[in-house]
Each structure stands twice: as C-alpha cells, then as structure tokens.
Amino acid sequence: MPYIDQFFEVLVTAGASDLHLGEGEPPKIRRHGEIIPIRNEALTREEMAFMLSEIAGETRWTKYEETGDLDFAYEMDENSRFRCNYLKQTHGYGAVFRLIPTKIMTLDQLGIPAIVKEFGHLRGGLVLVTGPTGSGKSTTLAALIDYINTNFHRHIVTIEEPIEFVHSNKRSIITQREVPEHASSFPTGLKAALREDADIVLVGEMRDLETIQLALTASETGLLVFGTLHTNNARKTVDRMIDVFPSDQQAQVRTMLANSLRGVVAQLLLKKADGTGRLAVNEILVVNSAASAIIREGATQKLQDVLVSGKSQGMQFMDDTIWSFLQQGTVSPHEAYMKAIDKNRFRAFLPPEDQGL
C-alpha cells in the first residue's frame, strides 16, 4: 500500500473533497468548503518526496522536478480515484488531490434542472458548463454524458486533463483521451476528434484562443461540443468567448457564436444553512432567436432580460435561483449575499452586524 493512501483514507472517511499537502505544513483536507488540518506535525521534504514520487512513477516525477507542475489521476481502489496536481511553492514541494467519485450521479440526483437533459438531445452546436474552480462542473458534465450514454447511440470523445470520471459504454461508444498522455494538447485532441467519426466532443477546458476557435468551428460543422469555462454566469461566459479574440476578429466571432451556441449552464455551490453540505445552484441560458440576436450585436447586458423572460423555456437567472433557495431557508442570508451578482437585492436580509459588507 503506497504511503500516501493513509491520508486518502482519512479524506474518504471524513467525507472530504480535497487533500492539501505542502512541505513545511501539516496535511489538510477540505470538507464542506472548510479547510482543516488532519495532524499537527508538518510534512518534511523527505516525506513529501517519498510519497509524491511513489505514486507518480519515475517518468512523471522527472517531468515534475524539471517543470514544477504535474497533473495526472491516481486510483487508490475501485471506489477512490483522485485528480492529482503537483506544484512547487515557496517552501518546496506541494500537491492538491481532488477525490473523483467513481459512481457517476445522475442529473436528477444532483438536483440539476430537467432542461439540462435537453442539451443531450442536440445533434450539433456548442454547450458550455461554467463556474469557478470546485463548483462541480465536471460532476454535472459527467452526469450529462452519462444521460446521453444511457439513452442514445452516439460516439462521444472526451479530451481531459486528467481523465476524471471513467465512463463505461452503455448505448454509446465513449473514447476518453488524456492530455498530454494521449493527445499533446486540447487543440490537438479536438482536431483529431473531427477525424474520429465523433458525434459529441467534450473539451475539458477551453482556456486559449486556439481551443475556443476549434470548438466553434467543430460545432458549426455538425458536432455537439461540450466545453467548460471559469465564468460565473451566462453573460460573462459569452463575453469571455469573444474577448479572447483580437478586436478585428470579434465581429466575426460574435456571428459564429450566435449561430452555434445552444446553451450555457453556469454553476455555483452554496453551503446549506443546516451545515449538511453544499448544493448546486444554476443559471441556465437556452439560446433562442432573441439571445442569438443579442450575441450577434454584442449587447450581452440584455441577456438578463432573456433569462428572466425565458422561464417557460426552462431558463433561470442566477440571482433568482439563489433568491428562491433563500426564501425556502435552504441557504443563509450571508451565503446568498456572498454568491449573488446583484448584492443590493440581498443586503436587506443580512443581520445588522453584516450590513457593512
């Protein structure tokens, strides 16, 4: 049994999501959003080097020593897989491990609105699942891919860094490719998918111009492309997609995006008021002719009107969703205020001592 597994076992038993290891610091876990140490004693350089190199293997360890960064996935047992990120920091070695549930939850179990299933029925276009780091984007996307896998005969290619949720073929064929093990980069993997008779491509991260450009082109040629971005709502997502491009190309990109974007699912995790964990809160944009026209003309501030007026089509505006959870008492006024876009709407609900926030 690798030395590091003892720390992973503490994490699993505690129901935590992440393990943080840093040279010169005690090991810590993140549980329901809070970071807590799991022993008093700091990690030494020797201890860190031994346990990190043991599970990385010689080739990966050499790469990490040279570059200071490394991403891969590690399987402790059939129930526990971890996304591993090695880094170098002020005091030396560091690493963060995210527990990847091996059982893929359904969209219903996650409490994701039913309209999201409709994105799985599409035969082409671009669907973006967005949110800050640790907001459950990968979990929601895995559930959506599993929904397609259960109900449709499709060839789904995923390009991930690293592979998180492992899918087995049900009705669909799923080809999972890891960057840089199986494809040297996201753009390379995306280009290859165009030649792999794919119906659907999942791009783990759309972080640069080339990837975004290829995703737009692929979605225009009849592929259904799912991608992720680190944006908090639909408006910021559309802005980010366009702002990546030089200004002389932006008008053309707006037209491409207006034609190919089918939907945005933005996600935040809010702490439950009763302290039993966190829940996903979504903003959902279904791109209809009104939204398409707004994107084409670059007036993204008007998207809020589309979200609010599109309730009957399954759309949700983030602040309205947070508001409904606050009204039900599911989240606290403070949590609602901290995560809302329009803070003024929620300020009146804060206790007097928090009014200065």
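The combined condition, being open to solvent by less than 40 Å² (accessible area, probe 1.4 Å), closer than 27 Å to LEU110 by Cα, within 22 Å of the chain's Cα centre (by Cα) and without any contact (Cβ under 8 Å) to a residue 40 or more places away in the chain, is not fulfilled by ILE200.
Where residues in the range 239-248 are touching a helix residue (DSSP H, G or I) at 6+ places or on another chain (Cβ under 7 Å) and within 26 Å of GLU164 (Cβ to Cβ), which of them is surrounded by the most Cβ atoms within 10 Å (Cβ to Cβ)? Result: MET241. Only a single criterion out of (1) in a helix (DSSP H, G or I); (2) surrounded by fewer than 20 Cβ atoms within 10 Å (Cβ to Cβ) is not satisfied by ALA142, namely (2). Count of the range 145-183 residues, restricted to those that are of a type outside the set (D, E, K, R), assigned to a loop (DSSP other than H, G, I, E, B), in contact with a helix residue (DSSP H, G or I) (Cβ under 8 Å, 6 or more places away or on another chain) and farther than 16 Å from ASP71 by Cβ, is 3. Screening PHE8 on (1) within 25 Å of GLU181 (Cβ to Cβ); (2) modelled with pLDDT under 95; (3) under 23 Å from the mean Cα position of the chain (by Cα) shows it passes everything except condition (2). Can you confirm whether the range 79-93 contains a residue that is within 24 Å of LYS191 (Cβ to Cβ) and not hydrophobic (A, V, I, L, M, F, W, C)? There is no residue in the range 79-93 that is within 24 Å of LYS191 (Cβ to Cβ) and not hydrophobic (A, V, I, L, M, F, W, C). Note on the range 110-123: residues that are in contact with a helix residue (DSSP H, G or I) (Cβ under 8 Å, 6 or more places away or on another chain), modelled with pLDDT of 95 or more and not in a loop (DSSP other than H, G, I, E, B) total 4. Reported count of residues in the range 207-232, each being closer than 18 Å to VAL179 by Cα and either open to solvent by less than 10 Å² (accessible area, probe 1.4 Å) or not in a loop (DSSP other than H, G, I, E, B) (or both), is 11. Among residues of the range 226-254 being free of Cβ contacts under 8 Å to residues at least 60 places away in the same chain and of a type in the set (Asp, Glu), the one that is farthest from THR321 (Cα to Cα) is ASP248. Are there any pairs, at least 6 apart or on different chains, whose C-beta atoms fall under 7 Å, with the first in the range 46-66 and at pLDDT 95 or above and the second of a type in the set (S, T, N, Q) and assigned to a helix (DSSP H, G or I), and if so, which? Close Cβ pairs satisfying both conditions: TRP61/SER53.
A Cβ distance below 7 Å, combined with a sequence gap of six or more or placement on separate chains, defines the contacts here; from the range 328-357, residues that are closer than 16 Å to LEU269 by Cβ reach residues that are among the small types (Gly, Ala, Ser) in the pairs THR330/ALA273; VAL331/ALA273; SER332/ALA273.
Scanning the range 301-329 for residues that are under 23 Å from the mean Cα position of the chain (by Cα) and of a type in the set (Val, Ile, Thr) yields THR321, ILE322. Of the candidates ARG296, ARG262, the single residue that is in contact with a Gly (Cβ under 6 Å, 6 or more places away or on another chain) and over 20 Å from PRO132 (Cβ atoms) is ARG262.
Taking the range 1-94 as the region of interest, the strands (runs of 3 or more DSSP E) fully inside it that hold 1 or more residues being exposed (fewer than 13 other Cβ atoms within 10 Å of the Cβ) and charged (D, E, K, R) are 34-37, 69-77. Tell me, which residue of the range 159-173 that is touching a Ser or Thr at 6+ places or on another chain (Cβ under 7 Å) and at pLDDT 95 or above is farthest from ALA198 (Cα to Cα)? Among those residues, the one meeting the criterion is LYS170.
If the condition is being of a type outside the set (Lys, Arg) and in contact (Cβ under 8 Å) with a residue 24 or more places away in the chain, then the range 80-97 contributes SER80, PHE82, CYS84, TYR86, GLN89, HIS91, GLY92, TYR93, GLY94, ALA95, VAL96, PHE97.
Summed over the range 101-131, residues that are small (Gly, Ala, Ser) and open to solvent by 30 Å² or more (accessible area, probe 1.4 Å) total 2.
The values are calculated or read from the model by the stated rules, or taken from the named source; none is laboratory data. Everything numeric here is computed off the predicted structure, so don't read it as measured data. Positions of Cβ are backbone-derived with ideal geometry, glycine not excepted, and every protein chain shown enters the neighbour counts. Remember, those area values only see protein heavy atoms, side chains included, never the ligands or the DNA or RNA. Shrake-Rupley method; radii C 1.70, N 1.55, O 1.52, S 1.80 Å.
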